[in-house]
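Below you'll find the structure, written out as structure tokens, and then a few comments.
The values are calculated or read from the model by the stated rules, or taken from the named source; none is laboratory data. Just so we're clear, the structure is a prediction, and the values are computed from it rather than from any experiment. Cβ placement follows ideal geometry from the backbone for every residue including glycine, while neighbour counts extend to all protein chains displayed. Heavy atoms of the whole protein, side chains included, go into the accessibility calculation; ligands, DNA and RNA do not. Shrake-Rupley method; radii C 1.70, N 1.55, O 1.52, S 1.80 Å.
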Amino acid sequence: MKISNVLTQAWGLLALVNAPVEARGHSRTEACHPHHPFKPLPSSQPRTRTCHVANHGDGQDDSANVLAALKKCNNGGKVVFDTDKTYTIGKALDMTFLKHVDLEIHGHVQFSNDTDYWQANAFKQIYQNAATFFQLGGEDVNVYGDGVLDGNGQAWYDLYAKDPLILRPILMGVIGLNGGTIGPLKLRYSPQWYHFVANSSDVLFDGIDISGFSSSANTAKNTDGWDLYRSTNVVIQNSVINNGDDCVSFKPNVSDILVQNLHCNGSHGISVGSLGQYPGEVDIVQNVLVYNISMFNASDGARIKVWPGAASALSTDLQGGGGSGLVKNITYDGMTIDNVDYAIEVTQCYGQKNLTLCNEFPSKLVIEDILFKNFKGVTSGKYDPNVGTIVCSSPDVCSNINAKGIEVSSPDGDDGFTCTNVDVSLLDLNCDSS
Ligand SMILES: *[C@@H]1O[C@H](CO)[C@@H](O)[C@H](O)[C@H]1NC(C)=O
Ligand SMILES: *[C@@H]1O[C@H](CO)[C@@H](O)[C@H](O)[C@H]1NC(C)=O
Ligand SMILES: *[C@@H]1O[C@H](CO)[C@@H](O)[C@H](O)[C@H]1NC(C)=O
Ligand SMILES: *[C@@H]1O[C@H](CO)[C@@H](O)[C@H](O)[C@H]1NC(C)=O
Ligand SMILES: *[C@@H]1O[C@H](CO)[C@@H](O)[C@H](O)[C@H]1NC(C)=O
Ligand SMILES: *[C@@H]1O[C@H](CO)[C@@H](O)[C@H](O)[C@H]1NC(C)=O
Ligand SMILES: *[C@@H]1O[C@H](CO)[C@@H](O)[C@H](O)[C@H]1NC(C)=O
Ligand SMILES: *[C@@H]1O[C@H](CO)[C@@H](O)[C@H](O)[C@H]1NC(C)=O
């Protein structure tokens, strides 16, 4: 397991290499490298009791067993899902009461595919129709193991193809968690996003392995790796993501986020936004460092997407525009791309194809102090001769956007960028249409 590596690198103390898993939480801050979190992450208290989750093993609902074990081992214990056992979760679990507890997952934890039950009972999370299978929150909670959380998404992919307005559950609802480590862990077949992290702080995601493709003609859609909302001081690192939407996405009111050492395949990139979706709301994304990312088979590498000042529609279930706010101090440093449509995409016209309308109603959301640096690799050629686009809806709402060391080209060797309403003297790019 990776735990011993983390401890070795963190403390360099041989005596700890084989330390019990309870000790891992002590090194949350030290486990973050090469960059450190914006603020130190709190340590875990020792776990001194162990509870095993009972299982039926025949598809019957085990959620009551999970709750029973959590109640018994909360405040200083460890709850174990045993190796080679299958657990079925058929009820929405409210796990926001957790404190100083570990969930050690070795077995196969599968959510039932009773789409009627979940649509009625999944936890509604007030943002963008987000609903989660469970909500996990509290203080000092670690979730890890060589087991799997399986969203059993096929029934959902097929149902969504028939009705885009169904409410598809998110696999991991991390809601109101203050202090915690999630990972190493495998996540499979989420019906929708893999993680929704809201009202949380001081959380480390380390060693997450995400994958889940549809086995029918109906693709698994909106399978974002992480969506962060109303959260601060979060680290996401050392993870592999095979999905079909944003690899990581920073939604409203997120600050002090470090993302490093990710391998993303098939995604829509690492995205700020979308923001400004709801009129009357103020969305803020501040202080984000994205470092050392491999981005393959994606629509975008680095992306900042903001809705225009006028109402717009991206799809039947995604509409918006008119909100205000701020995107400030965002750095993307080190990205290797291959078969990516745009290496960099900044737009303030998200969801609006009519550029005239977009410029008539500029975004009310300001973008400032942005740095893209050290990108390399080859795009897909989809937007030849361009490999990126940085388009603001007015020069008044974008400032200090910088790009340097961007060594990206299309398969034909082109390297054009569309640069509109931005200070091109700060962009060391081949801006063709400025
Ligand atoms: C977060 O906390 C706020 C304020 O307590 C609450 O209104 C909201 O429902 C919580 N959850 C989410 C997802 O924002
Ligand atoms: C629902 O889940 C069960 C248990 O994993 C599986 O046997 C069944 O094929 C699934 N049904 C659909 C429609 O995916
Ligand atoms: C985000 O923060 C701003 C400024 O504090 C606040 O006005 C707004 O209501 C917050 N939005 C959400 C969704 O929490
Ligand atoms: C970059 O991330 C990869 C994993 O995707 C890792 O193997 C490599 O060591 C990282 N490089 C640095 C400089 O941290
Ligand atoms: C990477 O994504 C592509 C789709 O873009 C998919 O065909 C391929 O199987 C993925 N690779 C892995 C290792 O999952
Ligand atoms: C801006 O982000 C960088 C990391 O890229 C961080 O070191 C710096 O402290 C941030 N600035 C502020 C004012 O928080
Ligand atoms: C990208 O997609 C191609 C074709 O689907 C696949 O062969 C390749 O393995 C993918 N790259 C990665 C890193 O998964
Ligand atoms: C785009 O918006 C402008 C300004 O509102 C409008 O005059 C024009 O008809 C629109 N074009 C299309 C194709 O809808």
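Tabulated results
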quantity: Out of S200, S267, S190, sole residue that is within 16 Å of ligand 3 (Cβ to nearest atom) and surrounded by 21 or more Cβ atoms within 10 Å (Cβ to Cβ); calculated: S200
quantity: Hits in segment 347-362 (condition: part of a loop (DSSP other than H, G, I, E, B), within 12 Å of V397 (Cα to Cα) and out of contact with any Leu (no Cβ under 9 Å at 6 or more places or on another chain)); calculated: F361, P362
quantity: Candidate set: segment 203-219, residues that are open to solvent by 20 Å² or more (accessible area, probe 1.4 Å) and hydrophobic (A, V, I, L, M, F, W, C); chosen: the one farthest from H108 (Cα to Cα); calculated: A217
quantity: Which numbered condition V240 misses (of (1) open to solvent by 30 Å² or more (accessible area, probe 1.4 Å); (2) within 16 Å of ligand 5 (Cβ to nearest atom); (3) outside any strand (DSSP E or B)); calculated: (3)
quantity: Filter pass, A54 being open to solvent by less than 70 Å² (accessible area, probe 1.4 Å), away from ligand 6 (no atom under 16 Å from the Cβ) and free of Cβ contacts under 8 Å to residues at least 24 places away in the same chain; calculated: yes
quantity: Q277 vs. criteria away from ligand 4 (no atom under 13 Å from the Cβ) and touching a Gly at 6+ places or on another chain (Cβ under 7 Å); calculated: yes
quantity: Criterion violated by L70 - all others in (1) open to solvent by 80 Å² or more (accessible area, probe 1.4 Å); (2) at negative phi satisfied; calculated: (1)
quantity: Members of segment 280-316 found to be within 16 Å of ligand 7 (Cβ to nearest atom) and either without any contact (Cβ under 8 Å) to a residue 24 or more places away in the chain or surrounded by fewer than 24 Cβ atoms within 10 Å (Cβ to Cβ) (or both), listed by number; calculated: N292, S294, F296, N297, S299
quantity: Criterion violated by V174 - all others in (1) touching a Ser or Thr at 6+ places or on another chain (Cβ under 6 Å); (2) crowded, with 21+ Cβ neighbours inside 10 Å; (3) touching a residue at least 60 places away in the same chain (Cβ under 8 Å); (4) part of a strand (DSSP E or B) satisfied; calculated: (3)
quantity: Out of D432, D369, D428, D333, sole residue that is surrounded by fewer than 23 Cβ atoms within 10 Å (Cβ to Cβ) and touching a Pro at 6+ places or on another chain (Cβ under 8 Å); calculated: D432
quantity: Candidate set from segment 246-264 (those that are part of a loop (DSSP other than H, G, I, E, B) and crowded, with 22+ Cβ neighbours inside 10 Å); member that is farthest from ligand 1 (Cβ to nearest atom); calculated: C247
quantity: Residue pairs meeting the criteria (Cβ under 7 Å; at least 6 apart or on separate chains; first within 20 Å of L187 (Cβ to Cβ), in segment 247-259; second among the charged types (D, E, K, R)); calculated: S249/D224; S249/D227; K251/D227
quantity: Residue that is nearest to the chain's Cα centre (by Cα), among those in segment 309-366 that are under 22 Å from H268 (Cα atoms) and basic (K, R); calculated: K328
quantity: 2 or more residues farther than 28 Å from W193 by Cβ: qualifying strands (runs of 3 or more DSSP E) within segment 26-142; calculated: 49-52
quantity: Selection status of N265, free of Cβ contacts under 8 Å to residues at least 40 places away in the same chain, over 24 Å from N129 (Cα atoms) and away from ligand 6 (no atom under 16 Å from the Cβ); calculated: yes
quantity: Subset of segment 338-366 [farther than 25 Å from N297 by Cβ and open to solvent by 20 Å² or more (accessible area, probe 1.4 Å)]; calculated: Q352, N354, L355, T356, L357, N359, E360, F361, P362, K364, V366
quantity: Residues being over 17 Å from G207 (Cα atoms) and either open to solvent by less than 10 Å² (accessible area, probe 1.4 Å) or touching a Lys or Arg at 6+ places or on another chain (Cβ under 8 Å) (or both) - total across segment 145-158; calculated: 4
quantity: Tally, over segment 77-90, of residues that are more than 27 Å from the chain's Cα centre (by Cα), open to solvent by 10 Å² or more (accessible area, probe 1.4 Å) and not polar (S, T, N, Q); calculated: 3
quantity: Among the residues listed as K124, K78, K99, the single one being closer than 30 Å to G273 by Cβ and among the basic types (K, R); calculated: K124
